[in-house]
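Colleague: Below is one structure. I have some questions about it.
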Amino acid sequence: MTRVKICGITTIEDALTAASAGADMIGLNFVKTSPRFIEREAARDLCAALRAEFGAACPLMVGVFVNELVSGISRTMDIVALNYVQLSGDESVEMLRELRGIAFKAIRPRNKIEALDDVRYFAPGASPQERIPSLLIDAYHPALYGGTGEQASEEVALAVKNDTPRLMLAGGLTPENVGARVRAIQPWGVDVASGVEGDTPGRKDPEKIWAFIQAAKR
């Protein structure tokens, strides 16, 4: 069954909704320039509340970082009690290795050739843990590191999937299109942020969360 990550969660209420709806992962954004940024202390309280409510059934808590030092990532992980890390910037394969299997890389290739170069480059640092993706592919944007609402190319995603054990697909997914994208690409998992929001970035629409997860997993 397709795994689902609801990313850019900023409130306990939205986290509880996502977990109740069947999300496998909750993404917490620690990029200060993002409209979905969450402070460490707020994220710590959110994680604690979610684990108290769901116990062993709690979704995995994933911290999203862009061009952060390993020391800063480690500090945030300790404070918040994160499970895993998503690197969404210009990080190297050496950084993936330094994080020792707890991180996965997000890429935003412009075309198929660039995508396959990224796959080969990051493969040696991919985590062996089957609870997280080997690689996440998002739509290319010249200035933004994800959360744009633009779709990743189907051709590029399929090319990456063929060489990636566990591909997570992001970029422009919504409750209306995620089912078709899953059928066409058959990714290991899907990632959504803006596609389940209303008018305010970082605040999720409960009906959209439920509809998205049902469509992705069905």
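Colleague: If you check Val62 against the conditions, is it touching a strand residue (DSSP E or B) at 6+ places or on another chain (Cβ under 9 Å), more than 18 Å from Ile132 (Cα to Cα), at pLDDT 95 or above and surrounded by 15 or more Cβ atoms within 10 Å (Cβ to Cβ)? Write out each step before concluding.
Modeller: Working: touching a strand residue (DSSP E or B) at 6+ places or on another chain (Cβ under 9 Å): yes; more than 18 Å from Ile132 (Cα to Cα): no; at pLDDT 95 or above: yes; surrounded by 15 or more Cβ atoms within 10 Å (Cβ to Cβ): yes.
Here the answer is no, as Val62 does not meet what is asked.
Colleague: Oh, and also: I'd like the residue in segment 90-126 that is in a loop (DSSP other than H, G, I, E, B) and within 24 Å of Glu154 (Cα to Cα) and, out of all such residues, is farthest from the chain's Cα centre (by Cα).
Modeller: The qualifying residue farthest from the chain's Cα centre (by Cα) is Asn111.
Conditions tested, residue by residue: (1) under 18 Å from Gly89 (Cα atoms); (2) in contact with a strand residue (DSSP E or B) (Cβ under 9 Å, 6 or more places away or on another chain); (3) of a type in the set (Asp, Glu); (4) surrounded by 15 or more Cβ atoms within 10 Å (Cβ to Cβ).
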{"position": "Pro133", "(1), (2), (3), (4)": "yes, yes, no, yes"}
{"position": "Ala152", "(1), (2), (3), (4)": "yes, yes, no, yes"}
{"position": "Ala159", "(1), (2), (3), (4)": "no, no, no, yes"}
{"position": "Gly189", "(1), (2), (3), (4)": "no, yes, no, yes"}
{"position": "Asp199", "(1), (2), (3), (4)": "no, no, yes, no"}
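Colleague: Within the set of pairs 6+ apart or on separate chains, which have a first residue in segment 43-61 that is in contact (Cβ under 8 Å) with a residue 12 or more places away in the chain, a second that is among the charged types (D, E, K, R), and C-beta atoms under 8 Å apart?
Modeller: Cys58/Arg51; Pro59/Asp24; Leu60/Asp24; Leu60/Arg131
Colleague: Count, please, the residues in segment 148-188 that happen to be farther than 21 Å from Gly8 by Cβ, among the basic types (Lys, Arg) and assigned to a helix (DSSP H, G or I).
Modeller: Of the residues in segment 148-188, 2 are farther than 21 Å from Gly8 by Cβ, among the basic types (Lys, Arg) and assigned to a helix (DSSP H, G or I).
Colleague: Here are the criteria: (1) farther than 25 Å from Lys32 by Cα; (2) surrounded by 15 or more Cβ atoms within 10 Å (Cβ to Cβ); (3) out of contact with any Lys or Arg (no Cβ under 6 Å at 6 or more places or on another chain); (4) modelled with pLDDT under 95. Tell me which single one Val119 does not satisfy.
Modeller: Evaluating Val119 over (1) farther than 25 Å from Lys32 by Cα; (2) surrounded by 15 or more Cβ atoms within 10 Å (Cβ to Cβ); (3) out of contact with any Lys or Arg (no Cβ under 6 Å at 6 or more places or on another chain); (4) modelled with pLDDT under 95 leaves (4) as the failure.
Colleague: For segment 158-204, give me each residue that is among the polar types (S, T, N, Q) and touching a Gly at 6+ places or on another chain (Cβ under 9 Å).
Modeller: Once the filter is applied, which keeps residues that are among the polar types (S, T, N, Q) and touching a Gly at 6+ places or on another chain (Cβ under 9 Å), segment 158-204 yields Thr174, Asn177, Ser194.
Colleague: Across segment 27-45, which residue is surrounded by the fewest Cβ atoms within 10 Å (Cβ to Cβ) among those that are closer than 15 Å to Ala15 by Cα and under 17 Å from the mean Cα position of the chain (by Cα)?
Modeller: Phe37
Residues are listed down the side, and each one gets a yes or a no for (1) crowded, with 19+ Cβ neighbours inside 10 Å; (2) within 21 Å of Gly189 (Cα to Cα); (3) not aromatic (Phe, Trp, Tyr):
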residue: Cys47; (1), (2), (3): yes, no, yes
residue: Arg51; (1), (2), (3): no, no, yes
residue: Cys58; (1), (2), (3): no, yes, yes
residue: Val70; (1), (2), (3): no, no, yes
residue: Arg75; (1), (2), (3): no, no, yes
residue: Ser88; (1), (2), (3): yes, yes, yes
residue: Leu96; (1), (2), (3): yes, yes, yes
residue: Ala103; (1), (2), (3): yes, yes, yes
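The values are calculated or read from the model by the stated rules, or taken from the named source; none is laboratory data. Since the structure is predicted, the reported quantities are computational estimates derived from the model, not experimental observations. All Cβ positions, even for glycine, are placed from backbone atoms using ideal geometry, and neighbour counts span all protein chains on display.
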